Amino acid sequence: FYHDNSFSKQWYQRRVRGMMVVQLLILLTLSASVRGEDLCAREAQCGGSCYATCDNQCGCDSSASVTYGGVCQDTGFCQSEFLHLEDCIEGGGPTCPNKMISMTQALELFTTYDYRIDVRSQPEWDEGHANMSIPTPGLAYHPASNYLDVIGGKEAANILVYCRSGGRAFDASLHLLKWGFKNINSFYHGGFPDLSARIKEESEKSSAHPTKNYCYVTGPSDICPTPLPIAHIKSVDDISRMGDNIVLVDVRPRREPYLTSFKTAHRVTNSKKKIVKFLSTVEEDATIVVFCAESTAAFKAAKRMVKHFSGKVVWIDNGGYEDLKEIRGLQKL
């Protein structure tokens, strides 16, 4: 019948093709579903079948354990009533940021955090911002998953969150907690404009001007070297990208327990005379990376160098030689 009637034959062929398309779509859908399940399994921090946070991006059911700070919790964290700003300031609770930071604490601890997240709007950022900060405009209103291109991989880091007055910083902190960030510190006692003004004022009055706070806010200049926190160094590439011609400088005193260092590192005494003499041997296009046992001496030496050297001067902050030893390939710089 189908061979004798051309119209029926065409109808039959179209029907077969239609059925094949439907079957193909079903297979693609099933394949995508399997890939999605595989993705969730790969990203599971707790060894479960799905990576679950309060924001629940893999669509886990309500019985799944949640990820909070990289630790599996079954205590109902995400189901708890999230406290308000005032409650967290007064007494805190399981759904509050790790710490609520006052102005005094912010001034004291500003450079000790691994990262500083600025949640103000883009126009506010453009008016002025800290050099060592990450812009996340809108984080107070949107889930942290929208910002993983700049904050992804920092879930275990010690983070300070701030805005203009404290309210948005708190809301953004909750979004970070809901995504699984652990060490979130919310600056509530003012915002960046006030903090920046206080940092600059205190530094300019200090005999140690510029202070580390000042350099973190204003950025590199003819008086400020460039900070490189140890938390920002995941591989030797993070140091290499600071410049084409890296010169490692170890300013630890040459005595026990500081006798050993990297083979390629220059040992320089932390005095103005010795530093000036050393700089006379360094090429002008070099990038000097200074380190010590922790960071204080490195910052002092870097400040001396930047006044007498036209190239880039970087100091390793919040860490030192023992931390750098863990980075493979550093000896080849």
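The values are calculated or read from the model by the stated rules, or taken from the named source; none is laboratory data. Model, not experiment: these values are computed from the prediction. Using ideal geometry, Cβ is built from the backbone for each residue, glycine included, and neighbour counts are taken over all protein chains shown. Side chains included, ligands, DNA and RNA excluded: accessible areas come from the protein's heavy atoms. Shrake-Rupley method; radii C 1.70, N 1.55, O 1.52, S 1.80 Å.
Out of the total accessible area of region 201-260 (probe 1.4 Å, heavy atoms of protein only), what percent is carbon and sulfur? Don't skip to the end; give the middle numbers.
Working: 1490 of 3120 Å².
The value for region 201-260 is 48 percent carbon and sulfur by accessible area.
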- Task: Would you grab the residues whose amide H sits under 5 Å from the one on Leu248? Only those 5+ places off in sequence or on another chain, please, with H modelled 1.01 Å from N.
- Result: His266, Val289
- Separation in nanometres of the label points that stand 7 Å from Cα toward Cβ, at Ser310 and Leu148: 4.7
- Query: Each label point is 7 Å from the Cα along the Cα-to-Cβ direction; what then is the distance between the points at Glu326 and Glu108, in nm?
  - Reply: 2.6
- Excluding ligands and nucleic acids, what accessible area in Å² is computed for Lys234 using a 1.4 Å probe, to the nearest 10? 150
- Message: Please report the spacing between the Cα centers of region 159-184 and region 222-296 in Å, no decimals.
- Response: 34
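Whole number in Å², please: accessible area per residue of region 105-170, 1.4 Å probe, ligands, DNA and RNA not counted. Please report the intermediate quantities before stating the final value.
Details: 2660 Å² over 66 residues.
I get 40 Å² per residue for this part.
With all protein chains present, how much of the accessible area of region 74-195 (probe radius 1.4 Å) comes from carbon and sulfur, to the nearest whole percent?
Answer for region 74-195: carbon and sulfur cover 47 percent of the accessible area.
Roll a 1.4 Å probe over the protein chains and send me the accessible area per residue for region 204-333 in Å². It would help to have the intermediate numbers written out before the result.
Working: 6870 Å² over 130 residues.
Value for region 204-333: 53 Å² per residue.
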